[in-house]
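Notes follow once the structure below has been shown.
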Amino acid sequence: MAANPTPYAAHIDIGGLSKRFQHRPVLNGLSLTLNDGDLCILVGDNGAGKTTLLRILAGLVRPSQGEVSVCGSSPIGNPRIRRMIGYVGHQPMVYQDLTARENLVHYARLYGLAKGEEVVADAIAAFNMAGYQHQPVRTLSRGMQQRLSLARATLHNPAILLFDEPHTGLDQEAAAFFDQSLRRLNQPGRIILLAAHRPQRLLTVATHVAWLREGAISDHLPVTALGSAPLLNSYLQEVS
Amino acid sequence: MTGVLAYLAAVWQVFRKDIQVEWRGRQGIPVMLVFALMIVFLFNFALQLSPDLQAGLAAGLLWVSLAFASTLGLNRSISLERENNALDGLLLAPVDRSAVFFGKALGNFCFTSLVGLLLLPIVSLFYQQNLLRLPLAAVLLLGVAAYTSLGTLLSALSIQARTRDILLPVLLFPLALPILIAAVEATRGLLSGQTLAELSSWVYLILAGALLFNAAGLLFFEIILEE
């Protein structure tokens, strides 16, 4: 994979972001800034709005209010910005009847990648999927589907990577493989925002932690400064 | 790639993926065809009509069986995107989202058209009418284009509803009624010996429907899929 994912400076700037689903507020005046090279762990209880925030950043959900800027522009209805985003959600976003390789080729074509076959071959090698590439997705384990999802999300070398609870359902080996991949993906020119319910295992690789509470970011600080935030520290102990 | 070429490439890729998935799973076209055949058989044996009445019924029966079978195909097409949240994968792609609509609509059109064309000789046989005529095939393709573009749009609309499986036919049948009536009238006219020129008002109505529903897809597909 190339060292610099994008010619644009990776940057996320969110100001006064609110989202309501019908009359239920999920995000309420949330503000957050992430810079090039940040690997930020987004923590918060179930239902705190982590998924909603990630989906807004991915351009899948329209905010009710507030400003969202990804690499200088709003991701809503903006294909140019979507090209800079890779998103790994709860589901792998692939087709069960197609093989792992066919799914990746489909996405490479959809993203209009030059040398698509080459990019797919590299991704299969990078995520150690060579032995499974010709199997239909429905026969793959959860761990292997997660690798496929990672390969799909990083195929176009995005500047912004969004992960939503990526460890869910993974066994020890698969989780360790994900952590290893995360270290490899964390490079200059990229921002990684990762929502995690149990973030302890990621604190060694993360640069920042953001705590989402009552629809807003209550703390956002470098991992090295966690000692100065006793409430967040005790929350992290509690959920570990 | 320039903007237009990239857009067309995305439409083609969504369509190509649907063909690939159908080829692998073979769950769409065979089910649609069997369902349509069952309707043709059931009506034929249940009504026990005289040859004269049977001939009059052929046009209506062709379109009713095709509309019902197509609805099955439309449900299958959108449930494919719901599985594993694959639709999000399409929506994340750096292309105008209307390209996803046209790709899906093209796939639905091809699957339903294939079933329709296969139905023609069977309906001809059971209802003692020669439906194997080029103008009739043209009306069939035009009607299917209008019906499936509306169906693709409405299936996207129903995707987030809890009652999505029953919501699609409930929305689709009333809105598609003018198109179905025009298609039945044009087909009946052709079977009674009229030319396409004589039936132009019905044909134009179907054409207007096809253009209107595709324009709606172009303009509203992104809004419909937004949360």
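The table that follows gives values for the structure above.
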quantity: Given (1) at pLDDT below 95; (2) surrounded by fewer than 22 Cβ atoms within 10 Å (Cβ to Cβ); (3) within 30 Å of A:Ala153 (Cβ to Cβ), number of the condition B:Val11 does not satisfy; calculated: (1)
quantity: Residues located in region A:80-90, provided they are more than 12 Å from B:Asn84 (Cα to Cα) and part of a loop (DSSP other than H, G, I, E, B); calculated: A:Arg83, A:Met84
quantity: Search result, residues across region B:24-49 that are aromatic (Phe, Trp, Tyr), open to solvent by 80 Å² or more (accessible area, probe 1.4 Å) and at pLDDT 85 or above; calculated: B:Phe43
quantity: Test: residue in region B:40-48 that is among the polar types (S, T, N, Q), part of a helix (DSSP H, G or I) and away from chain A (no Cβ under 14 Å); calculated: yes
quantity: Enumeration of residues in region A:107-126 that are closer than 29 Å to B:Gly3 by Cβ, assigned to a helix (DSSP H, G or I), open to solvent by 10 Å² or more (accessible area, probe 1.4 Å) and more than 9 Å from every other protein chain (Cβ to nearest Cβ); calculated: A:Gly116, A:Glu117, A:Glu118, A:Val119, A:Ala121, A:Asp122
quantity: Within region A:153-188, tally of residues that are under 24 Å from A:Val70 (Cβ atoms) and open to solvent by less than 10 Å² (accessible area, probe 1.4 Å); calculated: 14
quantity: Qualifying positions in region B:178-217 - free of Cβ contacts under 8 Å to residues at least 12 places away in the same chain and outside any helix (DSSP H, G or I); calculated: B:Ser192, B:Gly193, B:Gln194, B:Ala197, B:Glu198
quantity: Qualifying positions in region A:201-215 - assigned to a strand (DSSP E or B), within 16 Å of A:Thr51 (Cβ to Cβ) and not charged (D, E, K, R); calculated: A:Ala210, A:Trp211, A:Leu212
quantity: Per-region count, region A:127-143, residues open to solvent by 40 Å² or more (accessible area, probe 1.4 Å), more than 11 Å from chain B (Cβ to nearest Cβ) and part of a helix (DSSP H, G or I); calculated: 5
quantity: Residue match in region B:24-33 (condition: of a type in the set (S, T, N, Q), facing chain A (nearest Cβ under 9 Å) and outside any helix (DSSP H, G or I)); calculated: yes
quantity: Residue list for region A:41-56, restricted to those being within 14 Å of chain B (Cβ to nearest Cβ), part of a helix (DSSP H, G or I) and under 17 Å from A:Gly16 (Cα atoms); calculated: A:Thr52, A:Leu53, A:Leu54, A:Arg55, A:Ile56
quantity: Among (1) open to solvent by 30 Å² or more (accessible area, probe 1.4 Å); (2) modelled with pLDDT of 95 or more, the one test that B:Glu227 misses; calculated: (2)
quantity: Residue within region A:39-46 that is surrounded by 22 or more Cβ atoms within 10 Å (Cβ to Cβ), of a type in the set (S, T, N, Q) and touching a residue at least 12 places away in the same chain (Cβ under 8 Å) present; calculated: no
quantity: Filtered residues of region A:91-106 (kept if in a helix (DSSP H, G or I), facing chain B (nearest Cβ under 7 Å) and crowded, with 24+ Cβ neighbours inside 10 Å); calculated: A:His106
quantity: Any hit, region B:59-77, residues being under 20 Å from A:Pro92 (Cα atoms), facing another protein chain (nearest Cβ under 8 Å) and part of a helix (DSSP H, G or I); calculated: no
quantity: Subset of region A:57-90 that is open to solvent by less than 30 Å² (accessible area, probe 1.4 Å) and at positive phi - its residue that is nearest to the other protein chains (Cβ to nearest Cβ); calculated: A:Gly59
quantity: Candidate set from region A:156-184 (those that are assigned to a loop (DSSP other than H, G, I, E, B) and aliphatic (A, V, I, L, M)); member that is nearest to A:His197 (Cα to Cα); calculated: A:Leu170
quantity: Residue satisfying all of: in region B:87-107; without any contact (Cβ under 8 Å) to a residue 60 or more places away in the chain and surrounded by 22 or more Cβ atoms within 10 Å (Cβ to Cβ); farthest from the chain's Cα centre (by Cα) among these; calculated: B:Leu92
quantity: Test set (1) acidic (Asp, Glu); (2) crowded, with 19+ Cβ neighbours inside 10 Å; (3) within 30 Å of B:Gly193 (Cβ to Cβ) - B:Asp52 fails condition number; calculated: (2)
quantity: Which listed residue is more than 9 Å from every other protein chain (Cβ to nearest Cβ) and over 28 Å from A:Thr52 (Cα atoms), from B:Ala9, B:Ala36; calculated: B:Ala36
quantity: Verdict on A:Gln146 being modelled with pLDDT under 95, more than 9 Å from chain B (Cβ to nearest Cβ) and surrounded by fewer than 18 Cβ atoms within 10 Å (Cβ to Cβ); calculated: no
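The values are calculated or read from the model by the stated rules, or taken from the named source; none is laboratory data. Predicted model, so just to flag it, every value in this text is computed and none were measured. All Cβ positions, glycine included, derive from the backbone under ideal geometry; neighbour counts span all protein chains shown. Just so you know, the surface numbers come from the protein's heavy atoms only, side chains and all, with ligands and any DNA or RNA stripped out. Shrake-Rupley method; radii C 1.70, N 1.55, O 1.52, S 1.80 Å.
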